[in-house]
Amino acid sequence: MAAVAARGCGGVWRRAWQRGAGRPGAGHGPSPRGQRAVACNAKGGEVPAGKSGLAPWIPVVGLEIHAQISSKSKLFSGSQVQFAAPPNSLVSFFDASLPGTLPVLNRRCVEAAVMTGLALNCSINKKSLFDRKHYFYADLPAGYQITQQRVPIAVNGSLSYSLCIDNKMSQMVTKTVRIKQIQLEQDSGKSLHDDTRSQTLVDLNRAGVGLMEVVMEPDMCCGEEAAAAVRELQLILQTLGSSQAVMAEGQLRVDANVSVHHPGEPYGVRTEVKNINSIRFLAKAVDYEIQRQIEELENGGTILNETRAFDSKLGCTVPMRDKEGKQDYRFMPEPNLPPLILYDAKSLPANMNHQQVINIDWIHERLPDLPSVKREKLVEQYGILPEHSFTLLNEDGLAEFFESVVKQTQMKPKKVIGWILNDLLSYLKQHSLTVKESPVSSFVLADLLNLLEKKEISSTAAKQVLAELWKGEGKTPLEIVKVQKLELLQDQKELEQICQAVIDGQENEVMAIKAGNQKVLNKLIGLVQRKTQGRSNPVLVKQLLEKKLSE
């Protein structure tokens, strides 16, 4: 009989076997993957095998992230870096590996790597080395990649990231993943496969572009954790300016190493899922691969040490090539590059030209506030909820938009955040727009909220005005209010008459309210709002209705 899969605490995957069922691998057929629960329990803690006959699995996930350094030129040549340029239009003699060409290290790339290492709590090696990693592929004209295998530029760091518990933004837990190292290396070119003509075209524009490879230790246990860690890293890189980290443009690519094992046993054989270019796909790929390995092992199979790719259309990983008999990359020291020497304030020679060296302490002093610090400041300064601070920072430019509105309006930040998240953000997502593409500027939204705060319009009318503003016709909120006659009724006598007319026409509701059912009062308020076309102040309407009902 098929076993039912469940997800345990702290990364323990368990399989609930029916009475009489054997240990994993006893010949049971796998359950359909679509029926498997794939949720990461952020609370932590291990679920042991007990009377229920649970056989736990512990997934192990490590990541290798390649971030394209934000630089005008490549790592070792003066060629320009530009996305979507015409094929082979940005290729120097060195990029094409013509004989006799030599690498010249890009200072900006080194500074970006140091900055990133410091932000990730790494130790910066004052002396790091470059190596050649040999392998043959059409888009690697030299036959080797210049990287930092032996002594990378930064080591032994950490990254803290936050997860929702049970998908509730109000319940979050912080976890930490260790950073093994950060190394500088070249990117390869790009192979374009033309299946109709059965040929492969090579574009070397990307060849030699500077990369930082961030290697994360296998401290994660599911796709949700991996995705959260990469998203936090992406925000840090964008805050630093060391990488634009736009995944859609290949500026941030993730390789996930996945294995499973039983508690107390050595780590299982790992597979590597290569070149994942979306955070959403990363979560799906990791969870699928965990499921696949568990099913394979429980059906008596073995896991191959192989490289796989994630097919986003099918939602599964597929084999690319096996890694059995570890590939010999024939690492050797790069003979054309001397050791990279960095300095700090103590080791910097007095007579050294500061323009010719990189000072670690100088870079450290100029680090901007990281996302975690920004979130704390938003919560402390504006009194918003912690989960709202995550949303503000997760959307590019939204935090700045929020702060700009707060500065220009008399409305309290706690109210402003509701309009930003519930109205502005939902509209932008619905129409696939970024904050920078919003047809409603922070100045215009602040103008609208000021009208609401001054009680010149109702919240219902404010939403009507906002709907008009989305059209981007250049009208101001006040102009829309006057044209559509959305101002609040200032004549209290007229409002009293409308309230009395509503009371006279709702005898059953009036009796219910007088019998103690105050909830029915909301219906009367709604009816008054309808008669006034949203131009009445709900607070004032409630007061008038209560007064008249008590008479």
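The values are calculated or read from the model by the stated rules, or taken from the named source; none is laboratory data. Please read these numbers as outputs of a predicted model, since none were measured by experiment. Every residue, glycine among them, receives a Cβ derived from its backbone with ideal geometry; neighbour counts consider all protein chains shown. With ligands, DNA and RNA removed, areas are computed over all heavy atoms of the protein, side chains included. Shrake-Rupley method; radii C 1.70, N 1.55, O 1.52, S 1.80 Å.
For segment 170-205, which residues satisfy the criterion of being part of a loop (DSSP other than H, G, I, E, B), among the charged types (D, E, K, R) and in contact (Cβ under 8 Å) with a residue 60 or more places away in the chain?
Hit for segment 170-205 is 187, nothing else.
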Test: residue 84 is open to solvent by 30 Å² or more (accessible area, probe 1.4 Å), part of a loop (DSSP other than H, G, I, E, B) and touching a helix residue (DSSP H, G or I) at 6+ places or on another chain (Cβ under 9 Å): yes
Hits in segment 280-309 (condition: open to solvent by 40 Å² or more (accessible area, probe 1.4 Å) and either out of contact with any helix residue (DSSP H, G or I) (no Cβ under 8 Å at 6 or more places or on another chain) or of a type outside the set (Ser, Thr, Tyr) (or both)): 280, 281, 284, 296, 297, 299, 300, 304, 305
Within segment 371-439, helices (runs of 4 or more DSSP H) holding 1 or more residues that are of a type in the set (Val, Ile, Thr) and open to solvent by 30 Å² or more (accessible area, probe 1.4 Å): 371-382, 386-394
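Looking at segment 466-551, what helices (runs of 4 or more DSSP H) fall wholly within it and have at least 3 residues that are within 30 Å of residue 437 (Cα to Cα) and in contact (Cβ under 8 Å) with a residue 12 or more places away in the chain?
Passing ranges, in order: 477-483.
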Matching residues, segment 105-152, being closer than 29 Å to residue 370 by Cβ, assigned to a strand (DSSP E or B) and of a type in the set (A, V, I, L, M): 124
Conditions (1) among the small types (Gly, Ala, Ser); (2) open to solvent by 50 Å² or more (accessible area, probe 1.4 Å); (3) in a strand (DSSP E or B): number failed by residue 100: (3)
Number of the condition not met by residue 451 [criteria: (1) modelled with pLDDT of 85 or more; (2) more than 30 Å from residue 433 (Cα to Cα)]: (2)
Criterion: acidic (Asp, Glu), touching a residue at least 60 places away in the same chain (Cβ under 8 Å) and not in a helix (DSSP H, G or I) - qualifying residue of 213, 224: 213
Residue in segment 107-117 that is open to solvent by 50 Å² or more (accessible area, probe 1.4 Å) and modelled with pLDDT under 95 present: no
Close pairs from segment 430-457: first farther than 23 Å from residue 537 by Cβ, partner of a type in the set (Asp, Glu) and open to solvent by 90 Å² or more (accessible area, probe 1.4 Å), Cβ under 7 Å, at least 6 apart: 434/396; 435/396
